[in-house]
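Everything on this sheet refers to the single structure shown next.
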Amino acid sequence: MTGIYEYTSTHRSIEAAVFKEKHAFFEAPYSINHAKIIQSELTSEKAYSFVVTSRAGLQLSIYTKGWFGWKMSAVSILYPSAKNPSSPPVFSETSVDSSLVFGLYRSTEPIRIHVNGQPAHTIPYQQLRPDVSEDLYMWYYERQPDMLEIKDKVHLTARDVNGSIVDRLDL
């Protein structure tokens with residue numbers, strides 16, 4: 001019985017799992033037009049996808065590879081703060097998942113994010129929602145296994161193009 005359940009609840013590829021999965025966390029009706037799929041740099045049995053929900057929230061879904069294929073194992077959602085003239089701190093929308101630190105920020109140009117001194121990946125929000133003209137960026141960093149085991153603090157720094165620190169946060 002376990003094998004039958006596992007077989008029917010998985011997808012053969014990570015793309016199929018992202019685009020054909022029944023996303024219980026999406027507001028109905030939903031459809032996924034754009035997703036950023038990221039294969040884990042640490043293990044071939046984990047992948048991440050970033051999708052924008054119909055209410056403009058950024059959903060991070062974590063997928064794990066089972067016996068027969070890929071299935072969703074966790075979901076987190078961030079909602080961008082309302083646009084205002086006094087720009088919010090870079091780390092005002094930040095989340096820590098078990099293996100990923102990620103967030104959203106507003107800026108007219110990309111900001112360099114570092115997690116414990118290591119550079120994070122930055123992606124323009126428009127790659128997921130081409131209809132959004134706002135200056136939103138998302139960033140993510142996959143935590144190393146030793147950081148998870150010892151429950152090491154996460155130190156975030158954001159630097160502008162001149163190298164000046166514009167925000168800091170310790171989680």
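The values are calculated or read from the model by the stated rules, or taken from the named source; none is laboratory data. Being a predicted model, the structure only gives us computed values, none of them experimental. Reconstructed Cβ throughout: ideal geometry from the backbone, glycine too, with neighbour counts over all protein chains shown. Heads up: the accessible areas ignore ligands, DNA and RNA and are worked out on the full protein's heavy atoms, side chains in. Shrake-Rupley method; radii C 1.70, N 1.55, O 1.52, S 1.80 Å.
Quick rundown of the values:
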item: The range 92-171: translational diffusion in µm²/s, Stokes-Einstein, Kirkwood Rh over Cα pairs, 37 °C, 0.692 mPa s; result: 248
item: With DNA, RNA and ligands ignored, accessible area of GLU41 (1.4 Å probe; Å², nearest 10); result: 140
item: Gain in span if fully extended, THR8 to LEU171, counting 0.36 nm per residue against the direct Cα distance; result: 54.8 nm
item: Surface accessible to a 1.4 Å probe, ASP131 within the full protein complex, Å²; result: 110
item: Loop-located GluC sites (Glu not before Pro) in the range 98-171, at most 14 other Cβ atoms within 10 Å (DSSP); result: GLU134
